[in-house]
1. Looking at (1) farther than 19 Å from residue 94 by Cβ; (2) among the small types (Gly, Ala, Ser); (3) surrounded by 13 or more Cβ atoms within 10 Å (Cβ to Cβ), find the lone condition where residue 29 falls short.
2. Report the residue count in the range 59-94 for those that are among the basic types (Lys, Arg) and at pLDDT 90 or above.
3. Against the definition (touching a residue at least 24 places away in the same chain (Cβ under 8 Å), assigned to a strand (DSSP E or B) and of a type outside the set (Ser, Thr, Tyr)), how does residue 176 come out, yes or no?
4. Which ones in the range 181-212 are surrounded by fewer than 15 Cβ atoms within 10 Å (Cβ to Cβ) and either touching a Pro at 6+ places or on another chain (Cβ under 8 Å) or part of a loop (DSSP other than H, G, I, E, B) (or both)?
5. Quick check: is even one residue across the range 134-157 under 30 Å from residue 11 (Cα atoms) and either of a type in the set (A, V, I, L, M, F, W, C) or surrounded by fewer than 19 Cβ atoms within 10 Å (Cβ to Cβ) (or both)?
6. Restricting to the range 34-58, name every residue that is under 16 Å from residue 19 (Cα atoms) and at pLDDT 90 or above.
7. Could you check, for the range 137-144, whether at least one of its residues is under 19 Å from residue 101 (Cβ atoms) and not assigned by TED's automatic domain parsing to the domain that holds residue 88?
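The values are calculated or read from the model by the stated rules, or taken from the named source; none is laboratory data. Note that this is a predicted model, so its numbers are computed, not measured. Don't worry about glycine lacking a Cβ; one is built from the backbone with ideal geometry, like all the others, and counts go over all protein chains shown.
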Amino acid sequence: MSTKIRLAKYIAHAGICSRKQASRLIDEGVVTVNNRPANHIDHVDEQDIVIVNEKEIKGVADLVYFAYHKPVGIDCKLNIDDPASLIHHLPTLTRVYPIGRLDKDSRGLLILTNDGDFCNQLIHPDFHQPKHYLVTVHKPLDDAFCKKMAAGVPVDKHITLPCEVTKIASNQFNIILKQGLNRQIRKMAHYCGYKVIDLYRAQFSDLALESLNLPEGQYIRINKADILKAHL
């Protein structure tokens, strides 16, 4: 006998999006259950007719994980009408979505999956998964820069969480974040008087791009354990 589960969890397990995003879709009124508007308290199983954005979803999708070496110029918003969208560079066998976006002007490691629960595990602030970046700015760094950045600066009405910042060249630094505000590093640097001219994500949690030998613009299938070696 099938066990019914919460609707948002069912949608996430079907590989459509994360649970949080599924809740938004329910709020937007684009989800129906058995031909009626869906409610957050709905519990469903494979016997129910669940439709998301006019497409019926069924069962639990095979969970897949990919690493993608994102080049500059690719937009992580999955907009099929945008020729620069990431959606045109993804595997076509199953729908996947990025965990933690990189802005269009940034490059480096992007993790893609249809595992909504795992997505939440990586991006939720309670789990604090570290992300490593190499950043180049437009002028030499002063002595106070790293200390100021590491302590936290105002970004979008928040004070950023303490982080690790290390100067590695006159105008380059490494930064390890456990936070994911919109364009956070660029805004942090701007507050400190610097403009970012290159931003490269080298590592997400335990997975380092360098270890994959993955050319820019290419993706490779990986295991969940590659991303969270110490935690699975």
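1. For residue 29, the exception is condition (3).
2. Start the filter on the range 59-94 by keeping residues that are among the basic types (Lys, Arg), which leaves 70, 77.
Subsequent filtering for residues that are at pLDDT 90 or above retains 70.
Residues that pass the stated criteria total 1.
3. Yes, satisfied.
4. Of everything in the range 181-212, those that are surrounded by fewer than 15 Cβ atoms within 10 Å (Cβ to Cβ) and either touching a Pro at 6+ places or on another chain (Cβ under 8 Å) or part of a loop (DSSP other than H, G, I, E, B) (or both) turn out to be 181, 182, 191, 193, 195.
5. Our first condition is that a residue be under 30 Å from residue 11 (Cα atoms); within the range 134-157, this holds for none.
No: the range 134-157 contains no residue that is under 30 Å from residue 11 (Cα atoms) and either of a type in the set (A, V, I, L, M, F, W, C) or surrounded by fewer than 19 Cβ atoms within 10 Å (Cβ to Cβ) (or both).
6. Across the range 34-58, the qualifying residues are 38, 39, 40, 41, 42, 43, 44, 50, 51, 52, 53.
7. So in the range 137-144, the residues under 19 Å from residue 101 (Cβ atoms) come out as none.
There is no residue in the range 137-144 that is under 19 Å from residue 101 (Cβ atoms) and not assigned by TED's automatic domain parsing to the domain that holds residue 88.
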